[in-house]
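None of the figures in this text is laboratory data; all of them are computed from the coordinates on show. Please read these numbers as outputs of a predicted model, since none were measured by experiment. So basically every Cβ, Gly included, is an ideal-geometry build from the backbone, and we count neighbours across all protein chains shown.
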Amino acid sequence: MKPYQVNLFTEQEKVVMFLPSEPVFVHNNKRYLNFTLNDCFNRRNNEYLIENAKLNIDNRSITDIQNPDGFLEGLKKSMCEFKKIESLIVFSDEISAIYSISSIFGLKTTFFIDYETNPAICAVLQYRNVEFYNHKDLDHFSKLLASHTEKVVIIDGLYEWLGYSGPINDLLKIAKENQAIIIANEINSFGLLGRDGRGIMDLYNLYDDVNIEIGSFSRYIGGYGAYIGAKKYLINKILDNNNGIVTPVPKFMLAVNLASLEILKNESRNNQNFSKLWTNSRFFINRLKQIGLKTLSETPVVVIILNNNQEAEVLKRRLFEDGIITSANKERLRFILSIEHSRADIEYTLDRIESHFKSMGIVYPSLA
């Protein structure tokens with residue numbers, strides 16, 4: 001933990017202007033707990049990854065995915081082995097990866113997207129034929145699929161504003177029955193779910209059922225960019241469709257991603273970190289329910305659901321005054337737990353949440 005002498009907050013509004021990428025930091029002699037980072041294992045501050053970045057940052061050359069070099073080939077080989085993927089493309093960002101997937105489907109194709117899916121997916125596909133489905137209403141989902149011919153279903157590994165995985169096996173079964181192409185969205189699950197962070201492809205054994213998967217290096221493994229994994233013929237088709245469009249990737253980014261995979265493969269160390277993180281998340285979720293707050297979360301991404309936007313904003317600001325920084329989205333507050341948050345940190349956070357919950361007089365309609 002190191003102090004930061006930077007202008008993080010405005011005096012007038014007391015809102016966050018900039019946050020260090022650390023789960024715990026000190027500013028103006030005040031200690032803050034940061035629950036906004038998609039980095040449960042604090043890998044962005046991992047010394048091994050930092051050292052790999054420093055060693056390769058002077059290498060200013062970039063790697064063209066059409067003409068891969070040793071860095072890219074090494075990453076692709078390591079990822080294919082770790083994720084059991086036949087072929088892979090690496091991208092500089094998630095938007096480029098999503099766009100590249102969409103490019104291989106014709107204008108008549110309908111994309112089926114969950115209402116709770118990743119915002120980047122919605123942004124890229126907003127001008128295509130899109131049907132939104134609710135993972136809690138499987139009958140409606142089945143009827144939607146049956147009414148279309150050319151269809152692509154996106155199944156999410158983790159809903160980032162609910163904190164759980166949906167009924168993946170049920171969604172997959174319906175998609176297969178309707179002969180839909182299936183895309184597994186690992187953007188929020190790679191590095192967090194499954195054995196050693198292998199994602200939902202491993203957790204639910206989806207290797208024979210999913211056509212394409214998309215994931216992020218920049219969220220839970222401390223790397224950069226994104227990837228697409230699929231059978232080789234699909235990868236070749238994506239490459240053909242995006243010739244000259246996909247942004248080349250700097251070599252230092254590839255080196256950090258390779259180092260991140262080495263960390264993921266360290267099973268003994270991973271088991272310790274995963275055990276601590278999931279133990280703390282279960283404790284956090286159970287205490288929230290005992291307090292009387294509504295949450296559906298089942299992972300270290302813990303979301304509190306309040307009655308309205310105003311309650312969420314008031315609670316967020318009160319917690320900020322206590323040195324607790326969280327994210328808000330409409331009526332929801334999100335706490336992304338980190339292995340750097342001690343049990344004392346978590347208990348302090350829960351005590352402050354309970355105090356404000358009671359003082360604000362929050363009552364859910366069904367409990368009134």
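The table that follows gives values for the structure above.
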| item | result |
| --- | --- |
| Mean residue ellipticity (222 nm) of the chain, computed from DSSP H runs ≥ 4 via -39,500 (n - 2.57), nearest 500 | -12000 deg cm²/dmol |
| Share antiparallel - DSSP beta bridges, the chain, percent rounded to 5 | 55 percent |
| Virtual spin-label span in nm between Ser268 and Ile57, 7 Å along Cα→Cβ | 3.2 nm |
| Extension gain (nm, one decimal) between Lys232 and Ser275, 0.36 nm per residue minus Cα-Cα | 11.9 nm |
| Reported label for calculated percent of Cα pairs over 32 Å apart given [x] 51; [y] 40; [z] 37 | [z] |
| Shape box of region 47-264 [Cα atoms, principal axes, largest first, Å] | 54, 34, 27 |
| FRET efficiency, 1/(1 + (r/R0)^6) with R0 41 Å, evaluated for Glu73 and Val363 via beta carbons | 0.10 |
| Kirkwood-based shape ratio for region 176-281, expressed as Rg/Rh from alpha carbons | 1.02 |
| Inter-label distance, nm, simple model (7 Å from Cα along the C-beta direction), Asp240/Ser103 | 1.3 nm |
| Computed lengthening from Gln126 to Leu203, 0.36 nm per intervening residue step minus Cα-Cα distance | 24.7 nm |
| Neighbour-count order for Tyr32, Tyr220, fewest beta carbons within 10 angstrom listed first | Tyr32, Tyr220 |
| Extension gain, Lys173 back to Glu81 (0.36 nm per residue minus Cα-Cα distance, nm) | 30.5 nm |
| Spatial separation of Cα centroids for region 300-357 and region 120-177, in angstrom | 29 Å |
| Exposed trypsin sites (Lys or Arg not before Pro) absent: longest stretch of the chain, with sites in DSSP loops and at most 10 other Cβ within 10 Å deemed exposed | 109-368 |
